Amino acid sequence: MHEVKAIVLLDAPTFPTWAHPAAYYSGSDLYMCFETHEDDVYSVVFFGGVIEYRIQPLTDESIWKHQYFAAGLKSYEFHLLTNSPLAKPWPNSEHWVITFKNEIHDVVAKSFTVISKKLHSSSTKEAIQISISSESASDT
């Protein structure tokens with residue numbers, strides 16, 4: 001049996017310790033948005049083919065309670081978990097873990113894409129709406 005390992009994604013957006021994520025889930029796709037280090041600038045990421053999405057009320061001080069903490073999870077980072085038992089039953093899926101100050105997001109999905117690291121907007125909700133509109137326009 002292979003060991004689960006957390007790999008920090010170096011090309012994923014960075015976020016301040018105080019970032020509060022917002023999410024929009026359409027039933028199979030997930031858009032996640034959060035603040036950057038600049039005012040009114042947001043990062044938006046997209047998970048396609050979502051199989052499982054859960055938010056755990058674990059903080060940067062209680063991250064050690066996450067079931068895969070020993071795999072190398074770090075606070076305030078995007079991780080890809082290799083050999084995750086949550087992704088194994090689903091062909092071509094992967095398990096991502098994003099660790100924020102006051103919660104941890106686990107996503108098992110078919111794909112992960114950074115839509116924008118610097119989207120100018122007045123709110124996370126508007127940033128997600130802009131991203132969905134942009135994605136829809138590019139599909140036509």
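The values are calculated or read from the model by the stated rules, or taken from the named source; none is laboratory data. Computed from a predicted model, the values in this text were never measured in an experiment. Glycine also receives a Cβ, built like all others from the backbone with ideal geometry; neighbour counts cover every protein chain displayed. Keep in mind that these areas ignore ligands, DNA and RNA; they rest on the heavy atoms of the full protein, side chains included. Shrake-Rupley method; radii C 1.70, N 1.55, O 1.52, S 1.80 Å.
Quick check on the range 71-81. Is at least one of its residues in contact (Cβ under 8 Å) with a residue 24 or more places away in the chain and basic (Lys, Arg)? So far as the range 71-81 goes, yes, one or more of its residues are in contact (Cβ under 8 Å) with a residue 24 or more places away in the chain and basic (Lys, Arg).
The rows are residues; the columns are (1) among the aliphatic types (A, V, I, L, M); (2) open to solvent by 40 Å² or more (accessible area, probe 1.4 Å).
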residue: Trp64; (1), (2): no, yes
residue: Ala70; (1), (2): yes, yes
residue: Ser93; (1), (2): no, no
residue: Val108; (1), (2): yes, no
residue: Thr113; (1), (2): no, yes
residue: Lys118; (1), (2): no, yes
residue: Ala127; (1), (2): yes, no
residue: Ser133; (1), (2): no, yes
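Of the residues in the range 39-52, not one is open to solvent by 60 Å² or more (accessible area, probe 1.4 Å) and of a type outside the set (D, E, K, R). Considering the range 1-15, the residues that are in contact with a Lys or Arg (Cβ under 9 Å, 6 or more places away or on another chain) and surrounded by fewer than 18 Cβ atoms within 10 Å (Cβ to Cβ) include one that is farthest from His37 (Cα to Cα), namely Val8.
Any residue at all in the range 6-18 that is of a type in the set (Gly, Ala, Ser) and modelled with pLDDT of 95 or more? So far as the range 6-18 goes, yes, one or more of its residues are of a type in the set (Gly, Ala, Ser) and modelled with pLDDT of 95 or more.
Go through the residues of the range 101-115 one by one and say whether even a single one is touching a Leu at 6+ places or on another chain (Cβ under 8 Å), under 16 Å from Ala19 (Cβ atoms), free of Cβ contacts under 8 Å to residues at least 60 places away in the same chain and part of a strand (DSSP E or B). Yes, there is a match, as at least one residue in the range 101-115 is touching a Leu at 6+ places or on another chain (Cβ under 8 Å), under 16 Å from Ala19 (Cβ atoms), free of Cβ contacts under 8 Å to residues at least 60 places away in the same chain and part of a strand (DSSP E or B).
Note on the range 102-121: residues that are closer than 15 Å to His66 by Cβ and touching a Pro at 6+ places or on another chain (Cβ under 7 Å) amount to 2.
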